[in-house]
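K.L.:
Just dropping this structure here.
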Amino acid sequence: MSTAPKVLRPSYDSDLASLPVPIRETLQAVRGLLGRFVFSQAVVQWLIWGFTAFWIFGFVDYLPAMLGAAESPRWVRVGMLVLLVLGSIYIAYQQIWRRWLVRWSDDAIALLIERRYPDFQSALITTVQATRPARGELASIRTDDREEHPHRIGFLALARQRALEQISTVEIANLVRTRPLQWQMIALGSVLAVSLTLGLLYPQWTAHWSKRWFALSNAPWPRSVVLGVTGIEFEVPSFTGGGARGRYMLPFVDNSVAIPKGQSGVLKSFASLDAKRVPELCTVYYRDEEGNRGRANMRRLATGNSQQDFLLDGPPLESINQSLTLSIVGGDARLADLRLQAVDGPLITKAEVRVKYPPYLQRSTQTRWGEETLPYQTGLRLPQGSVLELILTSNKPIERCDYVFVKSTEPTNGNLQEQTFENEAPSESWAIPLGPLDSSILAEFRVWDKDGICSSRVQQFVISSIIDQPPQVDMVLDGIGTAITEVATIPVQGKVKDEYDVREVWIEALYGEGVPLREDIANVVDGSLAKVIDIKELKDAGKLPIQAGGSLALTLVASDYYDLVSEPHLGKANTVQLSVVTSDQLLLLLDRREAAMRKRIEQIIGELTQLRDLLVNIQKRSEPASSSDAEGTEEEMDATRILRIQLLRSQQAMSQISKSEGELNGVEKEIGQISKELVNNRIDSVDRRTRWQEKIQAPLRQMLDGVWKEFSSDVAELEKTFSKATEPPTPPPSQVVDALKKNDEILSRLQAVLADMLEIQDQTAIIDMLRDIIQSSDQLMNETKTHKKNQDRKALELLK
């Protein structure tokens, strides 16, 4: 019967199940030493990396300033901080996470000790591993197919004993190689020494870099050259006659300045004389909105008290039309990211005029009055005396407005009084009072916006004054010549016109050196008036002591409502001077004028006779000639020349007709005037007036309205015929024959009128003779009476 093999179960002695205290303490000491060593390495590496990055990144950030370039932007320093953090995280990962935070097992530490001390002969690792089940390091032991060695317990005891004997010989400090840490400490010391030296030598640099890096400050690096920018200077447009143009400065605010489009500016910068070095040259680098780049050198000016000035007055600052980014470089200094923001300059875009019309217009019936607001337009004209206020509107808020007023009645002599209007708050609309408009005014304006930008030009507004003129007065005397009798009536006809309205109209009559007599005229219709002055009535009333031999002056006067001055606004017609004569003297004057008309008619008859001869010549040239005469004519002149001569003669005839017609109309009007003067001067001469009207004026008017028009029409048609003809017409046109007949009729009528005038002249001569006889008889009777009185006086004296 077979016997089953005996399974040996593991058994542990109580002494063998636990790790001896000396061994356990040694392992713990080694584990602590390794942790401290690894952590120390991490700290040293952190310090080396931090200080090294501080100085290397500081040099990299300072390098552009050393080369005269702009400081690095903030994002570069942010990147440096990111690199510092990433490096620190890498060190933490390598030293802390992968080494210091890892738990060192007893087996690993035992192997480390036995590698340094081979005398253990694996006794230490055997002892450590043998105690693993008791320490819970072995989850389970499978013993189903494994038999325990009969001498195992003895071997473990021997290994334990040997480990205890050798553990006391272990020097824990010798288990770790300290040379890497020592080198790292040396490197750290060097970095700290360098950092301390640089920090002591360049404390300001160190502090400045610390602010720029850790605080991300944009404070620029200190340079050996100190540059500054004053601003951009522009011209101030001058007023008319204001002399040389001024200039104004636009300073930079936060490296930015608003500049007006379309204007040319001057960039001004300076270098401090207190700095270590003063540059000989400053250069401007610029970039526009389209990406175009360029550079320009600034001009060096004379040295000032504490600074060296530079300026740039050429491209790209000529007629600026887009925004620019500038950098000014001089030596190792650089003013970067100077922004020129091109904006529209201030400009007045709209103007209105608030008008308060003067009081004298308020009484007018022909104009507006009160107050109103009118849009300004070129050529604006307003009544004199209006109180004006100019309401201006701009394209952007305005802070200040400079202006001058130039009046046409006030000489400037080159000295303009500039005035300034300031808005309490920038506004796009404001009002400037112009005051009373007593003459044409030129208002010039220069505006400034809230950014301190001045308008590129002075804007002008002209408001013309409608000077209130005195009324326009015209006066004629109907039926009155240059002389009147003491009992005459004077018909006055006139026209009165004013821009607005007429206030009063009257006639001033001045006799000799006396006081003018005023006769008011109330009935004025549409500017027309009629007034009859009865000299006899005025004389009888004692208002006008008129006598023969004197002189009477008549003037038509009108006034309006204009009241801006103390003197009345009067309009006067031309003064008419009238001589005061007796009836006989007036008749003598009228007879002379009638005799002059008779001579004029005689002259007209002579001219019409010559006109008849001209028409006869035209008729003869147009009649067909005999064969012999025709041959001679063809030799003397051709048909074209004949036609030109005929046309010229017809034109001469038409010209003469127009001249004679005008003269006849003048004669007819003069005869009518003479007849009216008889009536208006109250001269009782009915026969004389009847003869003039019925035998001279009426026949002339009848002839002019009848046969004369037909005669003129025939000659005009004759002229048209010759002007359209291509060869001389044969037989003569019918207009020639008709014109000759009418010419003869006109001559006959004029001869009849002339005969009547001669008859009237004879009758007038007889009347004059009778008048002379009567005057002589009256004179003789007066002399006889005077002589008789003298004789009677002498007789009485003798009797006494």
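The values are calculated or read from the model by the stated rules, or taken from the named source; none is laboratory data. Just so you know, these numbers come straight off a predicted model, no measurement behind them. Methodologically, a virtual Cβ is constructed for each residue, glycine included, from the backbone with ideal geometry; neighbour enumeration extends over all protein chains shown. The accessibility values were calculated without ligands, DNA or RNA, using every heavy atom of the protein model including side chains. Shrake-Rupley method; radii C 1.70, N 1.55, O 1.52, S 1.80 Å.
K.L.:
Taking the stretch 281-305 only, how many residues are open to solvent by 60 Å² or more (accessible area, probe 1.4 Å) and not hydrophobic (A, V, I, L, M, F, W, C)?
P.N.:
12
K.L.:
LEU81 - would you say it is at pLDDT 85 or above and within 23 Å of VAL194 (Cα to Cα)? Give the steps one after another, and end with the answer.
P.N.:
On the way: at pLDDT 85 or above: yes; within 23 Å of VAL194 (Cα to Cα): yes.
Considered against the rule, which asks whether it is at pLDDT 85 or above and within 23 Å of VAL194 (Cα to Cα), LEU81 comes out as yes.
K.L.:
Taking only the stretch 474-490 into account, find how many residues are of a type in the set (S, T, N, Q) and more than 13 Å from VAL532 (Cβ to Cβ). If you could, list the steps in order and put the result at the bottom.
P.N.:
First, pick out the residues of the stretch 474-490 that are of a type in the set (S, T, N, Q): 482, 485, 489.
So of that shortlist, the ones also more than 13 Å from VAL532 (Cβ to Cβ) come out as 482, 485.
Counting residues in the stretch 474-490 that are of a type in the set (S, T, N, Q) and more than 13 Å from VAL532 (Cβ to Cβ) gives 2.
K.L.:
Turning to a different aspect of this structure: Grab the strands (runs of 3 or more DSSP E) fully contained in the stretch 382-498, keeping just those with 3 or more residues being hydrophobic (A, V, I, L, M, F, W, C), exposed (fewer than 15 other Cβ atoms within 10 Å of the Cβ) and touching a residue at least 40 places away in the same chain (Cβ under 8 Å). Steps first, answer last, please.
P.N.:
On the way: elements: 387-407, 419-436, 441-449, 459-466, 472-477, 489-497.
Ranges flagged: none.
To keep it simple, each residue is scored yes or no on (1) touching a helix residue (DSSP H, G or I) at 6+ places or on another chain (Cβ under 9 Å); (2) among the β-branched types (Val, Ile, Thr).
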site	(1), (2)
ARG446	no, no
CYS454	no, no
PHE461	no, no
ASP474	no, no
ASP478	yes, no
GLY481	yes, no
THR485	yes, yes
PRO491	yes, no
ILE507	no, yes
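K.L.:
Here's a follow-up. Can you tell me how many residues within the stretch 564-581 are of a type outside the set (A, V, I, L, M, F, W, C), touching a Gly at 6+ places or on another chain (Cβ under 9 Å) and outside any strand (DSSP E or B)? Spell out the reasoning first.
P.N.:
Applying the first criterion (of a type outside the set (A, V, I, L, M, F, W, C)) to the stretch 564-581 yields 566-569, 571-572, 574-575, 577, 579.
Okay, now just the ones that are also touching a Gly at 6+ places or on another chain (Cβ under 9 Å), so 579.
Then drop every residue that is not outside any strand (DSSP E or B), which leaves none.
Matching residues across the stretch 564-581 total 0.
K.L.:
Mind checking which residues of the stretch 250-267 are part of a strand (DSSP E or B) and within 21 Å of ASN321 (Cβ to Cβ)? Before the answer, list the steps.
P.N.:
Initially, the stretch 250-267 is screened for residues part of a strand (DSSP E or B), giving 250, 253, 256-260, 266-267.
Residues satisfying the conditions are LEU250, SER256, VAL257, ALA258, ILE259, PRO260, VAL266, LEU267.
K.L.:
Those residues that are at pLDDT 85 or above and either part of a strand (DSSP E or B) or under 34 Å from the mean Cα position of the chain (by Cα) (or both), I need them from the stretch 272-288; list them, please.
P.N.:
Matches in the stretch 272-288: THR283, VAL284, TYR285, TYR286, ARG287, ASP288.
K.L.:
Open to solvent by 40 Å² or more (accessible area, probe 1.4 Å), hydrophobic (A, V, I, L, M, F, W, C) and assigned to a strand (DSSP E or B): is that true of ALA530 in this structure? Walk me through how you get there before you give the answer.
P.N.:
Working: open to solvent by 40 Å² or more (accessible area, probe 1.4 Å): yes; hydrophobic (A, V, I, L, M, F, W, C): yes; assigned to a strand (DSSP E or B): yes.
Taking the combined requirement at face value, the residue satisfies it.
K.L.:
How many residues are in a strand (DSSP E or B) and within 18 Å of THR575 (Cα to Cα) when one looks only at the stretch 505-527?
P.N.:
Step one: of the stretch 505-527, the residues in a strand (DSSP E or B) are 505-511, 517-520, 525.
Of the ones still in play, those that are also within 18 Å of THR575 (Cα to Cα) are 505-511, 517-520.
Total meeting the criteria: 11.
K.L.:
Please tell me if ALA541 is out of contact with any strand residue (DSSP E or B) (no Cβ under 8 Å at 6 or more places or on another chain), over 18 Å from GLN577 (Cα atoms) and surrounded by fewer than 15 Cβ atoms within 10 Å (Cβ to Cβ). Break it down stepwise before answering.
P.N.:
Working: out of contact with any strand residue (DSSP E or B) (no Cβ under 8 Å at 6 or more places or on another chain): yes; over 18 Å from GLN577 (Cα atoms): yes; surrounded by fewer than 15 Cβ atoms within 10 Å (Cβ to Cβ): yes.
Yes, satisfied.
K.L.:
So which residues in the stretch 748-781 are modelled with pLDDT under 80 and either of a type in the set (Val, Ile, Thr) or outside the structural domain of ILE605 (by the TED database) (or both)?
P.N.:
Across the stretch 748-781, the qualifying residues are ILE760, THR764, ILE766, ILE767, ILE773, ILE774.
K.L.:
Something else now. If you go through the stretch 738-746 one residue at a time, do you hit one that is in the same structural domain as ALA596 (by the TED database), modelled with pLDDT under 75 and open to solvent by 50 Å² or more (accessible area, probe 1.4 Å)? I'd like the intermediate steps shown before the answer.
P.N.:
Filtering the stretch 738-746 for residues in the same structural domain as ALA596 (by the TED database) gives 738-746.
Cutting the leftovers down to modelled with pLDDT under 75 gives us none.
Looking for residues that are in the same structural domain as ALA596 (by the TED database), modelled with pLDDT under 75 and open to solvent by 50 Å² or more (accessible area, probe 1.4 Å), one finds none in the stretch 738-746, hence no.
K.L.:
A further question follows. Return the pair list, or none, for Cβ contacts closer than 9 Å from residues in the stretch 308-320 that are of a type in the set (Val, Ile, Thr) to residues that are surrounded by fewer than 17 Cβ atoms within 10 Å (Cβ to Cβ) and outside any strand (DSSP E or B), at least 6 apart or on different chains.
P.N.:
So the pair list comes out as ILE320/LYS261; ILE320/GLY262; ILE320/SER264.
K.L.:
Related question: Take the conditions modelled with pLDDT of 85 or more and either in contact with a Gly (Cβ under 7 Å, 6 or more places away or on another chain) or farther than 23 Å from GLY606 by Cβ (or both) and apply them to ASP705. Does it pass?
P.N.:
Numbers: modelled with pLDDT of 85 or more: yes; either in contact with a Gly (Cβ under 7 Å, 6 or more places away or on another chain) or farther than 23 Å from GLY606 by Cβ (or both): yes.
In short, yes.
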